[in-house]
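J.: My questions will all concern the structure given below.
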Amino acid sequence: MNMALPFQCLKAYRRSVKGKEETLLIGASGSRLVVVESSSGQGSTWPAEEEASKETEAPAEDEERPGKRIKLTPTNTNDSNSNKSNFSCLALSNDQQYIVAITGEDKCVRVFHIDSDYRIHQLSQRPMARRPCAITLTSDDSTILCADKFGDVYALPLLMSPDDGVQDQEVPPTTSTAEQPETPVEFKPSASVLTVHSGRNRKVLEEQIRQASLGQRKSKEPLKFKHELLLGHVSMLTDIVYANVNGRGYIVTSDRDEHVRVSRAPPQAHIIEGFCHGHEEFVNRLCLVSSGRLVSGGGDAQLFVWDWLNYRLLTTIDVRDAVLRFLKSQAELSSIVPANEEGFKVAVTGIWNVPRSDAQRDEILVTCEGVPAIFHFGFDEAGKKHEQAIPLNGNAIDVTVIQQSPDSCVAVASVDYVHKPGSLKDPREQKQDDQAIPTFTSGPDGQWQADSTLDTAAGFLTKQLSTAVGAAGLAGEVDLKAIQGLLYGTANLRKQPGTDPDQVA
Amino acid sequence: MAGEPAKRQKREEYKKSLNADESNAALPKKKFYRQRAHANPFSDHSLAYPKSPSDMDWASHYPAYAVKQPQEKDEAESHDSEKAIAITQPVEIADIGCGFGGLLFALAPRFPTSLILGMEIRTSVTEYVQEKVRALRAQNSATSGFQNAACIRANTMKFLPNFFAKGQLAKIFLCFPDPHFKQRKHKARIVSYTLNSEYAYVLKPGGIVYTITDVEDLHKWMVEHLEKHPSFERVREEEQEKDECVEIMRTETEEGKKVERNKGMKYVALFRRLEDPAWP
């Protein structure tokens, strides 16, 4: 079966090149990036074709769970254009000059530039110690803020200085403050026999001494590029937002343990300003909307709208109910709704701001895992004012919004055409990738309808999809489980009851 | 495992016998509450924790300080299920990883006007301390002793800000924490650069973090990571030795006594929470 990965990330933006306004659409399908200009349909892919085909010969080991050991270099360090890891996140610099991306399996932060001929150039790839899961940029574009699965946020310069990244360069101690003090000094056991500790600790101590005597102590190499630990949660980070309000910079982070934390931006990122308390399930997405308010969502039935500078909950939006209403309204989807509606849960996978000239009224688009629709909510401080479900012909994977004019916006979606709508695991009988990238437009009335202005671009992207078999790090055969693993995982953030090791013991 | 059911049965019978008599003033027996010394701070314990500090039911832990509800409240208006959870003054001293509560019970009479909270991640150990609080309160009912001490089960590494508001605490004790010797377990240590930001958040400026350990390596680690954090400065030794809590910490904790018996070293370090600097 000829089937490739849907685009797991999508980004549309307008830029001005040599005085000409143009709209670019970028998609990431597996390990490959595709860019296209909307009016001309010109575009390119990364890595370039020949490399991509070379990659297919290699066995697709990247889909395996990566080992616990930290891989310091990606599979092919010498070939900077090689990549077998799947993209998990795309961010655009505020000046629209750079695309910052995360590839998951090799834990890399990659910076790309798209030139005026729509060629994609990779400027740098920096393998982190832990797998990054969210990125954003400071408002001056100088710094990438990279949040990882281990709960830490690092600052990396967007552009590496020429002497940075050189193999022999010693990282100044101030920039790697968080790294464990892996001093090359002679090994000394961390405790003495006098020390009071449990049997387990004693075993660890004995093991340490034994390892030292064998001279086998493997020490982690420090990262060979400039990076600075800013802050950390003892939890998996899920999203990060940078905000600049009245000249003050803030970092807002969300985690799996229901927290939304507001910290100061560097150089004072060690100061926590406050928490937006209220979520009872994991928080997965944060979105700063036009009015400056913050919207957060994840495993809860509601989205929360915050006056985040005062840590005050303004209102909530019932996203679960909106999803239920939508599913029940669609004949072929109503079977998904469980008999016991109370037990129905949603996992918010995306929240996007819809830019409007009216700063009092906020509008967002929201997607939930395994739901074939985009939900549009208009709201103000008092609550929801408007709701619309935009049906898709497959589960929503990613969405990107651009403002075409002061009152009109275009939303481009990436749709899962591999699985049946509403299912995370059942494959479709027939591939339907003809509408993998549907586009919608919304006028001043706020109603969304299908749109064709980006059809050329969407067509180009879709074409890249169907020829991309194998390039996605998947061997010719479509590995459904791998696709599922790449596209879906948000609901797994939900805590399972009865998993307390303390109670089992 | 052989013997396990018998042990569990004995524990259950013992705990039932304790519950039978509310006014029972006998101290709980430690042997029924022993538990392995380690807990993984990253795993999803089925913990109870408040959504925010104002959602915390403090009144049930400090009943003598519960905010009295106005009696003449209109019946129709009051939500009958809603009970008062607030207390008249906030908790000011936190003993993080309080174990069997040695420090907690030594501090309580020394700081009679402050509320002191022991926080412990292990279920059985927490139950022991809670039973002991109950027994000591019963024994000292004439003087209202130990009404200012309480213990809850909590994973403070994840949920400290759920319990305490910004700048609420005056003292945080970190006594004989799990050293987590393995390199890859260092993030599980109770002191790290990033976690220190949370201690700074719940401490008021001038507040003190007290650390003590018998493991020199861990002592150095805690000193390094707290000194590196811009919100803290180390308290000088003269001042440290004048602090009455230091002596209590050395002698009254269970681990402190064990180290004493083994003639081991005890490393103490105190850190003061500094004022936040102006915005850049």
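J.: When the residues of the stretch A:457-500 are narrowed to those that are modelled with pLDDT of 85 or more and of a type in the set (S, T, N, Q), which ends up farthest from residue A:395 (Cα to Cα)?
T.: Taking the candidates together, the pick is A:492.
J.: Quick one: is residue B:143 within 8 Å of chain A (Cβ to nearest Cβ) and farther than 29 Å from residue B:220 by Cα?
T.: Judged against the criteria, residue B:143 is not a match.
J.: Continuing with this model, one more query. Please give the number of the condition residue A:340 fails out of (1) in contact (Cβ under 8 Å) with a residue 12 or more places away in the chain; (2) open to solvent by 50 Å² or more (accessible area, probe 1.4 Å).
T.: (1)
J.: (1) more than 14 Å from every other protein chain (Cβ to nearest Cβ); (2) more than 22 Å from residue A:26 (Cα to Cα): which one isn't true of residue A:102, the others all being true?
T.: Here residue A:102 meets the rest and fails (2).
J.: Among the residues of the stretch A:284-318, count how many are under 18 Å from residue A:385 (Cβ atoms) and hydroxyl-bearing (Ser, Thr, Tyr).
T.: 4
J.: For the stretch A:365-388, does any single residue satisfy the condition of being of a type in the set (Val, Ile, Thr) and touching a Lys or Arg at 6+ places or on another chain (Cβ under 7 Å)?
T.: No; the residues of the stretch A:365-388 include none that is of a type in the set (Val, Ile, Thr) and touching a Lys or Arg at 6+ places or on another chain (Cβ under 7 Å).
J.: Give the number of residues within the stretch B:153-186 that are within 9 Å of another protein chain (Cβ to nearest Cβ), over 18 Å from residue B:52 (Cα atoms) and surrounded by 20 or more Cβ atoms within 10 Å (Cβ to Cβ).
T.: 5
J.: With the requirement that a residue be in contact with a strand residue (DSSP E or B) (Cβ under 6 Å, 6 or more places away or on another chain), in a strand (DSSP E or B) and open to solvent by 10 Å² or more (accessible area, probe 1.4 Å), what does the stretch A:354-384 give you?
T.: A:384
J.: Please identify the pairs in which a residue from the stretch A:488-505 that is within 11 Å of chain B (Cβ to nearest Cβ) and under 19 Å from residue B:41 (Cβ atoms) has its Cβ atom under 7 Å from the Cβ atom of a residue that is at pLDDT 90 or above and assigned to a helix (DSSP H, G or I), counting only partners at least 6 apart or on another chain.
T.: A:502/B:123; A:503/B:123
J.: Would you tally the residues in the stretch A:273-298 being touching a residue at least 40 places away in the same chain (Cβ under 8 Å) and either of a type in the set (A, V, I, L, M, F, W, C) or away from every other protein chain (no Cβ under 13 Å) (or both)?
T.: Number satisfying all stated conditions: 17.
J.: Right, something else. Residues B:259, B:246, B:235: which one is more than 18 Å from residue B:98 (Cα to Cα) and surrounded by 16 or more Cβ atoms within 10 Å (Cβ to Cβ)?
T.: On the way: B:259 fails: more than 18 Å from residue B:98 (Cα to Cα); B:246 fails: more than 18 Å from residue B:98 (Cα to Cα).
On inspection, the qualifying residue turns out to be B:235.
J.: Then there is this: Can you tell me which residues in the stretch B:227-259 are away from every other protein chain (no Cβ under 12 Å), part of a helix (DSSP H, G or I) and within 22 Å of the chain's Cα centre (by Cα)?
T.: B:240, B:244, B:245, B:246, B:247, B:248, B:249, B:250, B:251, B:252
J.: Being in a helix (DSSP H, G or I) and β-branched (Val, Ile, Thr) narrows it down to one of B:191, B:223, B:268, B:209, so name that one.
T.: B:223
J.: Next question. Against the conditions (1) touching an Asp or Glu at 6+ places or on another chain (Cβ under 7 Å); (2) within 11 Å of another protein chain (Cβ to nearest Cβ); (3) open to solvent by less than 70 Å² (accessible area, probe 1.4 Å); (4) at pLDDT below 95, where does residue A:199 fall short? Just the number, please.
T.: The one condition residue A:199 does not meet is (1).
J.: Test each condition in (1) outside any helix (DSSP H, G or I); (2) of a type in the set (A, V, I, L, M); (3) more than 10 Å from chain A (Cβ to nearest Cβ) for residue B:278 and report the one that comes out false.
T.: Among (1) outside any helix (DSSP H, G or I); (2) of a type in the set (A, V, I, L, M); (3) more than 10 Å from chain A (Cβ to nearest Cβ), the lone unmet condition for residue B:278 is (3).
To keep it simple, each residue is scored yes or no on (1) surrounded by fewer than 16 Cβ atoms within 10 Å (Cβ to Cβ); (2) assigned to a strand (DSSP E or B).
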residue: A:410; (1), (2): no, yes
residue: A:414; (1), (2): no, yes
residue: A:421; (1), (2): no, no
residue: A:429; (1), (2): yes, no
residue: A:440; (1), (2): no, yes
residue: A:446; (1), (2): no, no
residue: A:449; (1), (2): yes, yes
residue: A:453; (1), (2): yes, no
residue: A:456; (1), (2): no, no
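J.: Considering only residues that are part of a loop (DSSP other than H, G, I, E, B) and open to solvent by less than 10 Å² (accessible area, probe 1.4 Å), which ones fall in the stretch A:266-277?
T.: A:269, A:271, A:276
Matching residues to (1) over 16 Å from residue A:104 (Cα atoms); (2) open to solvent by less than 20 Å² (accessible area, probe 1.4 Å); (3) among the acidic types (Asp, Glu):
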site	(1), (2), (3)
A:131	no, no, no
A:139	yes, no, no
A:144	yes, yes, no
A:147	no, yes, no
A:162	yes, no, no
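The values are calculated or read from the model by the stated rules, or taken from the named source; none is laboratory data. Please read all numbers here as calculations on a predicted model, not as lab measurements. Note: ideal-geometry Cβ built from the backbone for every residue, glycine included; neighbour counts use all protein chains shown. All accessible areas refer to the heavy atoms of the entire protein, side chains included, with ligands and DNA or RNA removed. Shrake-Rupley method; radii C 1.70, N 1.55, O 1.52, S 1.80 Å.
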